[in-house]
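Worksheet for the structure shown next.
The values are calculated or read from the model by the stated rules, or taken from the named source; none is laboratory data. The structure presented is a predicted model; accordingly, all values stated were derived computationally and were not measured. Cβ placement follows ideal geometry from the backbone for every residue including glycine, while neighbour counts extend to all protein chains displayed.
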Amino acid sequence: MSEIPLQPDLGIEHVADLHAALLPHLEDAEPLALGGGEVRRVHTAGLQLLHAFVRDRAAAGRATTITEPSPALAQAARDLALAASLGLPSEEDPGETE
């Protein structure tokens, strides 16, 4: 399994950078892990791009997971009802602190 780290800032002004980082991996046959532990800032556009990437890979039978999602990433995914589609917990972990 390959792993690529997500950038700390997934704000709208960085979506082009995220797209450029993900695009080469869209057709990878092997499972892919996206390291979410360093994500500190998330905008809707960043989550929409992640969702589309994971969805398109899944439609082609390619597995994609987000590993160690930061609290900011997990909460943003829950807020936008994208947690399930991204494979993230749909409820806040009681041990998680902000």
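Quick notes on this structure:
- Flag if VAL39 is in a loop (DSSP other than H, G, I, E, B), within 11 Å of the chain's Cα centre (by Cα) and on the phi < 0 side of the Ramachandran plot: yes
- Consider the range 81-98 and keep the residues that are surrounded by 11 or more Cβ atoms within 10 Å (Cβ to Cβ), assigned to a loop (DSSP other than H, G, I, E, B) and aliphatic (A, V, I, L, M). The one that is modelled with the lowest pLDDT is LEU88.
- Among the residues of the range 18-36, just one is under 22 Å from GLN75 (Cα atoms), assigned to a helix (DSSP H, G or I) and not hydrophobic (A, V, I, L, M, F, W, C), namely HIS19.
- Candidates ARG62, ARG41, filtered to the one that is of a type in the set (Lys, Arg) and farther than 18 Å from GLY87 by Cβ: ARG41
- Scanning the range 58-80 for residues that are farther than 17 Å from ARG41 by Cβ, touching a helix residue (DSSP H, G or I) at 6+ places or on another chain (Cβ under 8 Å) and not β-branched (Val, Ile, Thr) turns up just one, ALA63.
- The residue of the range 47-77 that is surrounded by the fewest Cβ atoms within 10 Å (Cβ to Cβ), among those that are among the small types (Gly, Ala, Ser) and in a helix (DSSP H, G or I), is ALA59.
- Considering only residues in the range 9-24 that are touching a strand residue (DSSP E or B) at 6+ places or on another chain (Cβ under 7 Å) and touching a residue at least 24 places away in the same chain (Cβ under 8 Å), the one that is surrounded by the most Cβ atoms within 10 Å (Cβ to Cβ) turns out to be LEU10.
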